[in-house]
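Trainee: Please see the structure below; I have some questions.
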Amino acid sequence: MKTPFVSKEQVDLITEQFSTPFHLYDEKGIRETARAVNAAFSWNEGFKEYFAVKATPNPTILKILKEEGCGVDCATDVELMMSHKVGFSASEISFTSNDTRPEEFVYAREIGATINLDAYEDIAFLEKTCGLPDKLSLRFNPGGVFALGTDIMDHPEESKFGMTKEQLFKGYKELAEKGVTSLGLHAFLASNTVTNDYYPTLASQLFELAVELKNELGISLDFINLSGGIGVDYTPENRQNDITTIGQGVHEQFDKILVPNGLGHISIYTELGRYMLAPHGHLITKVLHRKETYRTYIGLDACAVNLLRPAMYDAYHHITNLTNPNGKLETVDVVGSLCENNDKFAKNRELPEARIGDTLVIHDTGAHGFSMGYNYNGRLRSAEILLQEDGTARMIRRAETPEDYFNTLYGFDFDK
Ligand SMILES: Cc1ncc(COP(=O)(O)O)c(C=O)c1O
């Protein structure tokens, strides 16, 4: 079963202070996960987790992760700007973009972020735009399907990201000839994996590639980035990844493949988002309406602008009724207010009776939750609140106001 990380009494106090809906983050849980990830890879001297900013782009969260020794991976110049402002140093920032605008590469170079190139063609583009830095990484796409045993995990052949093996080798050769001294390899081949085998399997493939590169071209990589993809179980079955086992699995492959080939110096990087943050966020929302037609609808004060995953991916997010946990079970659709029929947090879900005014917790919203928000129907993004280690709550982003929404319109046939 899934249980919230806050009690009803705590949430009652917090909702007296801040109006719903809002995302609530658990500082204690975030720190514990960061420490567990760092411990699991402590066997590797150069290990660093570059938190995927896109998952939870909030300065307070980033600062907590920085205190725990993490860096950040950014996808755009705006994420780079936030990370730079938060105080991450050059070596703590990586930049994994695609279809990148020239000014974004210029800015990444300016702040010294480690650039991870998505395309072979990007090498020439980067060189022409702002020259090549000393340290660069290339993103690999092996094509075909990515499978663990007989389980197909994803279809890299259909993915727009990364470059082929041939392009990769050509790219490293050119970069080495042009004087790039520190080279890395990156791949993200499956998303939200709940198995301890994903990273070790991916690692073994990338390690083999590193050995081949050394043998064929005499190029020794400095770092290998396993990227994101370690998932969480959103369902109440609550199958868990064991990060210690995952770290050990990668360690075994490292000792088996890299060390005997003289590549034991390679640093391992990760770029986790979901695993770091998803379970440590709740969307706290109240029941506004009940409606009976062909189904029973529970209307919330939150909608898909606060959490897009159910509408976009038909993703399951567990829901707990904090106010009436032992209510009579009923089968309902839990919906938001958008003029879109996919604005449903749950369909035909059996839940304890949700009465008007009840407080609900939507689980596992700490990553790719708030950050995927948008403004359809003029709905506004919510606040983000941090449940601090001492049990008190602190706002770490205010809710948008109509003025925020109107701000880009003033002066365009629209007056203050
Ligand atoms: C380049 C890159 N790195 C890391 C991540 C984080 O992935 P996850 O949240 O699945 O760990 C993503 C997610 O989209 C990504 O695109």
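The values are calculated or read from the model by the stated rules, or taken from the named source; none is laboratory data. None of these values were measured; they are calculated from a predicted model. Here the Cβ positions follow ideal geometry from the backbone for every residue, glycine too, while neighbour counts run over all protein chains shown.
Trainee: Do we have any residue at all in the range 288-308 that's under 28 Å from N58 (Cβ atoms), within 16 Å of the ligand (Cβ to nearest atom) and crowded, with 24+ Cβ neighbours inside 10 Å?
Mentor: yes
Trainee: Against the condition touching a Leu at 6+ places or on another chain (Cβ under 8 Å) and without any contact (Cβ under 8 Å) to a residue 40 or more places away in the chain, how does D197 come out, does it pass?
Mentor: No; evaluated as a whole, the condition is false for this residue.
Trainee: From the list F188, F207, exactly one residue is under 22 Å from N261 (Cβ atoms) and among the aromatic types (F, W, Y). Which is it? If you could, list the steps in order and put the result at the bottom.
Mentor: Numbers: F188 fails: under 22 Å from N261 (Cβ atoms).
After applying the criteria, what remains is F207.
Trainee: While we're here: Of all residues in the range 311-321, how many are touching a residue at least 60 places away in the same chain (Cβ under 8 Å) and either outside any strand (DSSP E or B) or outside the structural domain of L351 (by TED's automatic domain parsing) (or both)? Steps first, please.
Mentor: From the range 311-321, those touching a residue at least 60 places away in the same chain (Cβ under 8 Å) are 312, 315-318, 320; that's our starting set.
Those left that are additionally either outside any strand (DSSP E or B) or outside the structural domain of L351 (by TED's automatic domain parsing) (or both): 312, 315-318.
Qualifying residue count for the region: 5.
Trainee: Is it the case that some residue within the range 182-193 is in contact (Cβ under 8 Å) with a residue 60 or more places away in the chain, part of a loop (DSSP other than H, G, I, E, B), closer than 22 Å to G46 by Cβ and within 16 Å of the ligand (Cβ to nearest atom)?
Mentor: Looking through the range 182-193, at least one residue is in contact (Cβ under 8 Å) with a residue 60 or more places away in the chain, part of a loop (DSSP other than H, G, I, E, B), closer than 22 Å to G46 by Cβ and within 16 Å of the ligand (Cβ to nearest atom).
Trainee: Ok, one more. Restricting the first residue to the range 150-179 and requiring it to be at pLDDT 95 or above, which pairs with a second residue that is part of a helix (DSSP H, G or I) meet a Cβ separation below 6 Å and a spacing of at least six or different chains?
Mentor: G171/I123; K173/L217
Trainee: Which of the residues that make up the range 247-258 are of a type in the set (G, A, S) and within 16 Å of the ligand (Cβ to nearest atom)?
Mentor: Our first condition is that a residue be of a type in the set (G, A, S); within the range 247-258, this holds for 247, 249.
Correct list: G247 only.
Trainee: In the range 329-373, how many residues are under 26 Å from the mean Cα position of the chain (by Cα) and under 22 Å from F18 (Cβ atoms)?
Mentor: Total satisfying the criteria: 16.
Trainee: Among the residues of the range 369-381, are any more than 16 Å from the ligand (Cβ to nearest atom), buried (at least 18 other Cβ atoms within 10 Å of the Cβ) and more than 25 Å from L272 (Cβ to Cβ)?
Mentor: Within the range 369-381 (the criterion being more than 16 Å from the ligand (Cβ to nearest atom), buried (at least 18 other Cβ atoms within 10 Å of the Cβ) and more than 25 Å from L272 (Cβ to Cβ)), the answer is yes, since at least one residue qualifies.
Trainee: Tally up the residues in the range 259-286 that are away from the ligand (no atom under 16 Å from the Cβ) and in contact with a Gly (Cβ under 6 Å, 6 or more places away or on another chain), please.
Mentor: Number of matching residues: 1.
Trainee: Can you tell me which condition D151 does not meet? The list is (1) more than 30 Å from P102 (Cα to Cα); (2) exposed (fewer than 15 other Cβ atoms within 10 Å of the Cβ); (3) within 16 Å of the ligand (Cβ to nearest atom); (4) not basic (K, R), and all the others hold.
Mentor: Of (1) more than 30 Å from P102 (Cα to Cα); (2) exposed (fewer than 15 other Cβ atoms within 10 Å of the Cβ); (3) within 16 Å of the ligand (Cβ to nearest atom); (4) not basic (K, R), only one is false for D151: (3).
Trainee: Pairs please, first residue from the range 55-74 and assigned by TED's automatic domain parsing to the domain that holds F188, second anywhere and among the hydroxyl-bearing types (S, T, Y) and in a helix (DSSP H, G or I), Cβ atoms under 8 Å, 6+ apart in sequence or on different chains.
Mentor: A55/S371; T56/S371; P57/S371; L62/S83; G71/S91; V72/S83; C74/S83
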